[in-house]
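The next block holds one structure in the form of structure tokens; read it before the comments.
Read the figures in this text as sums done on the coordinates, not as results from a lab. It should be emphasised that the depicted structure is a prediction, and the values quoted were computed from it without experimental measurement. With ideal geometry, Cβ positions are generated from the backbone for all residues, glycine too; neighbour counts draw on all protein chains shown.
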Amino acid sequence: MGEAAPFQLLEWQVEPVRKRLIGPDGEREVEPRVMDLLVLLAARPGEVLSRTEIGAAVWGGVHVNDDALGRTVWKLRQALGDDARTPRFIETVPKRGYRLIATPEVMPAQAPVFAAPPRQRGRRRLLA
């Protein structure tokens, strides 16, 4: 998957390039496929993605069994502190797939910080 920009997901700041989540309990690193799954779901919030669609996008077209996909979803839920029975982030839609129910928010780009040049002390030189 391509590089995605950082985004906010409820109390979590998501940094896809660094494969980490920053939240109320500090930072959590996640496996690349777990982050790829989160980025995929966040790109299409509220939309149900089938297991086939997720497998093709996250595993690059390699056939993925339901167990591997289920483990990846479980790892993502664990990282976010989500519960499958009362989800805040990822909903399982029986016989259809998964969807992100929290709304991702694009984080504003931070402008680079430039230091002001040091002030010269002493006499001013007049240019002729």
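Some notes on this structure:
- In a DSSP loop and with at most 16 other Cβ atoms within 10 Å, the GluC sites (Glu not before Pro) in segment 23-74 are Glu47.
- Length-normalised contact order of segment 48-97 in % [C-alpha pairs under 8 Å, at least 6 apart]: 41 percent
- Potential lengthening of the chain between His63 and Val17 amounts to 14.0 nm, from the contour at 0.36 nm per residue minus the alpha-carbon distance.
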